[in-house]
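Following: one structure in structure tokens, then a few remarks.
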Amino acid sequence: MNPTSLGGTFTFPGTALTVHRMGYGAMQLAGPGVFGPPKDPDAAVAVLRAAVAAGVNHIDTSDFYGPHVTNQLIRQALHPYPKGLVIVTKLGAVRPPDGSWRAATSAPELTAAVHDNLRNLGLDALDIVNYRAMGSIHAPAEGSIAEQVTALAELQRQGLIRHIGVSNVTAAQVAEARSITEIVCVQNCYNVALRGDDALVAELARQGIAYVPFFPLGGFTPLQSSTLTAVARRLGVQPMQAALAWLLQRSPNLLLIPGTSSLAHLRENLAAAQLRLDPATLAELDRIAGEATAAGH
């Protein structure tokens, strides 16, 4: 895989961090339910090394994946890290022994999470840290996130964080965060069928801020669309490849982090960055969101 084929590049605003637009999300490297170790840790290490060997230089992770599992696998597979690799992590939750997800949003909890990420990744400072607001991924809840963003800004002043992003947030929360500190990326749920953030994507593009869709392929329930299937069959590709290609052509500030624990799926995801969709095909895929709404999804 030629690294220049990974969807082009994007430089996070106000930073020296330039990444290929096709990245990799590490969540699926943990065990079932994103809890505990994978059944085959060697295979997880192999996927991480293959991603980087193919030119991926943007890895998304969190210390609450596992917990600790994905970060420890990243360190095992890639440390000392190659020059130019950008590791983006997120804070805002912890995983108790029962495997549940519990919000952890106080300043002391966020500080402890930064130190967990630093220790498990083997870093002195984190490239980018997203504050992830808890709640529904399909309809983030309004409410101030000033306390949390201010806490991250203080950790940035201490040199533990280089840059800050926000995740699972509304447009108003993005504006609030930007009034406190520079925000380099927003990470929300978005894909060819879930288009609630269209206006936010456009606004961030005007500001040069990255938008990073999580669950770009539907998440734990893969995207199902007869239109997507028909388009993919016509193009001779997998439906998920067409969905990723649509995202890359949707807006130049979109950065993709599809996750997988499979080498075969990794190769398919990366190959999607070379797929160009003509205007008619893009328009056809654009209509999927309306179909999903009409179907009540």
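One table, with the values for the structure above:
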{"quantity": "Residue within region 204-219 that is of a type in the set (Phe, Trp, Tyr), free of Cβ contacts under 8 Å to residues at least 60 places away in the same chain and surrounded by fewer than 19 Cβ atoms within 10 Å (Cβ to Cβ) present", "calculated": "no"}
{"quantity": "Among (1) surrounded by fewer than 23 Cβ atoms within 10 Å (Cβ to Cβ); (2) out of contact with any helix residue (DSSP H, G or I) (no Cβ under 7 Å at 6 or more places or on another chain); (3) of a type in the set (D, E, K, R) - the single one Arg75 does not satisfy", "calculated": "(2)"}
{"quantity": "Among (1) closer than 16 Å to Gly92 by Cβ; (2) part of a helix (DSSP H, G or I); (3) polar (S, T, N, Q), the one test that Ser179 misses", "calculated": "(1)"}
{"quantity": "Residue among Val174, Val169 that alone is of a type outside the set (S, T, N, Q), surrounded by 18 or more Cβ atoms within 10 Å (Cβ to Cβ), under 25 Å from Gly66 (Cα atoms) and at pLDDT 95 or above", "calculated": "Val169"}
{"quantity": "Tally of residues being surrounded by fewer than 23 Cβ atoms within 10 Å (Cβ to Cβ), touching a residue at least 24 places away in the same chain (Cβ under 8 Å) and among the charged types (D, E, K, R) across region 41-72", "calculated": "1"}
{"quantity": "Helices (runs of 4 or more DSSP H) contained entirely in region 233-297, each with at least 1 residues that are acidic (Asp, Glu) and surrounded by fewer than 18 Cβ atoms within 10 Å (Cβ to Cβ)", "calculated": "263-271, 279-286, 288-294"}
{"quantity": "Qualifying residue in region 265-274 (condition: among the small types (Gly, Ala, Ser) and over 30 Å from Ile164 (Cα atoms))", "calculated": "no"}
{"quantity": "Total residues in region 152-211, condition more than 14 Å from Pro252 (Cα to Cα), in contact with a strand residue (DSSP E or B) (Cβ under 6 Å, 6 or more places away or on another chain) and of a type in the set (Gly, Ala, Ser)", "calculated": "3"}
{"quantity": "Within region 96-137, considering residues that are closer than 30 Å to Ala289 by Cα and out of contact with any Leu (no Cβ under 7 Å at 6 or more places or on another chain), the one surrounded by the most Cβ atoms within 10 Å (Cβ to Cβ)", "calculated": "Asn130"}
{"quantity": "Residue count, region 4-23 (criterion: touching a residue at least 12 places away in the same chain (Cβ under 8 Å) and either hydrophobic (A, V, I, L, M, F, W, C) or part of a loop (DSSP other than H, G, I, E, B) (or both))", "calculated": "13"}
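Condition check ((1) touching a helix residue (DSSP H, G or I) at 6+ places or on another chain (Cβ under 9 Å); (2) assigned to a loop (DSSP other than H, G, I, E, B)) across all residues:
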site: Pro80; (1), (2): no, yes
site: Lys83; (1), (2): no, yes
site: Pro96; (1), (2): no, yes
site: Thr105; (1), (2): yes, yes
site: Thr111; (1), (2): yes, no
site: Asn117; (1), (2): yes, no
site: Gly143; (1), (2): yes, yes
site: Val149; (1), (2): yes, no
site: Leu155; (1), (2): yes, no
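The values are calculated or read from the model by the stated rules, or taken from the named source; none is laboratory data. Treat the numbers as computed from the prediction; the structure is a model and nothing was measured. Counting neighbours? That spans all protein chains shown, and the Cβs are built from the backbone with ideal geometry, glycine included.
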